[in-house]
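> Could you have a look at this structure, given as structure tokens, before my questions?
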Amino acid sequence: MVEQTTEESTTRIRWLKATVIGLGVIFLGLAVLLIVLIMTGGPKRTASSGTVAPRSVVVEDLEFSLPRNSRVAEVFATGNRIILRVRLADGTERLYALDGETLKPLGSITVKVEK
């Protein structure tokens, strides 16, 4: 009986030694990696990830006609669309959808409140 326990304990001690040595090697590798990163200033970032290349923009005069005695109440930008909320002279509201790049009208919808 004594022989089995000493044999089992010897096996356990060997596994414990192997685990401790393995963890020591991993710790030493991480320490070396940390020192190298500190000395070199870390990973280098490319210029393309932080900056956007400028693009040419053509400016043209566009005209958008609203009904008489109306006014623009709000302007919303959603994705590639611009929405104008216009209050008409009679109190109703109309939403105009414009393309965000060309500013061409896409359509409109009139919102009426029942009386």
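> Give me the net charge for the shell around residue 93: Cβ to Cβ below 13 angstrom, other residues only, Lys and Arg +1, Asp and Glu -1.
Numbers: positive: 71, 85, 87, 94, 112; negative: 74, 90.
Net charge around residue 93: +3.
> May I pose another question? Using a 7 Å offset from the Cα along the Cα-to-Cβ direction at both residue 114 and residue 15, what is the distance between the two label points in nm, to one decimal?
That separation, rounded to one decimal, is 7.7 nm.
> Let me ask something else about it. In the range 55-115, which GluC sites (Glu not before Pro) fall in coil by DSSP and have 16 or fewer other Cβ atoms within 10 Å?
Working: sites: 60, 63, 74, 93, 101, 114; in loops: 60, 63, 101, 114.
Qualifying residues, ordered by number: 60, 63, 101, 114.
> Then there is this: Just grab the label-to-label distance for residue 95 and residue 56, each label 7 Å out from Cα along the Cβ direction, in nm (one decimal).
Output for this residue pair reads 3.7 nm.
> With Cα Rg over 2.2 N^0.38 Å as the read-out, I listed (i) 1.25; (ii) 1.33; (iii) 2.67; which label goes with the value calculated from this structure?
For Cα Rg over 2.2 N^0.38 Å, the calculated option is (iii).
> While we're looking at this one, here's another question. In the chain, with Lys and Arg counted as +1 and Asp and Glu as -1 at Cβ, which of these residues, 6, 30, 105, has the Cα nearest the positive end of the dipole, that is, farthest along it?
Highest projection toward the positive end goes to 105.
> Continuing with this model, one more query. I'd like to check one number: the per residue accessible area of the range 70-115, probe 1.4 Å, reported in Å² as a whole number.
On a per-residue basis, the range 70-115 sits at 72 Å².
> Another question, then. Extension gain residue 63-residue 35, at 0.36 nm per residue separation less the Cα-Cα distance, in nm? Could you put the intermediate results ahead of the total?
Working: separation 28, 0.36 × 28 = 10.08 nm, distance 6.24 nm.
Stretched fully, the residue 63-residue 35 segment lengthens by 3.8 nm.
> Suppose only helical runs count, i.e. DSSP H with n ≥ 4. What mean residue ellipticity at 222 nm does that imply for the chain under -39500 (n - 2.57) per run, divided by all residues and rounded to the nearest 500 deg cm²/dmol?
Details: 2 runs with 43 residues, N = 115.
Helix contribution divided over all residues of the chain: -13000 deg cm²/dmol.
The values are calculated or read from the model by the stated rules, or taken from the named source; none is laboratory data. Predicted model, so just to flag it, every value in this text is computed and none were measured. Positions of Cβ are generated from backbone atoms using ideal geometry, with glycine treated the same way; all protein chains shown enter the neighbour counts. For the accessible areas, the whole protein counts, side chains as well, though only heavy atoms, and no ligand, DNA or RNA atoms are used. Shrake-Rupley method; radii C 1.70, N 1.55, O 1.52, S 1.80 Å.
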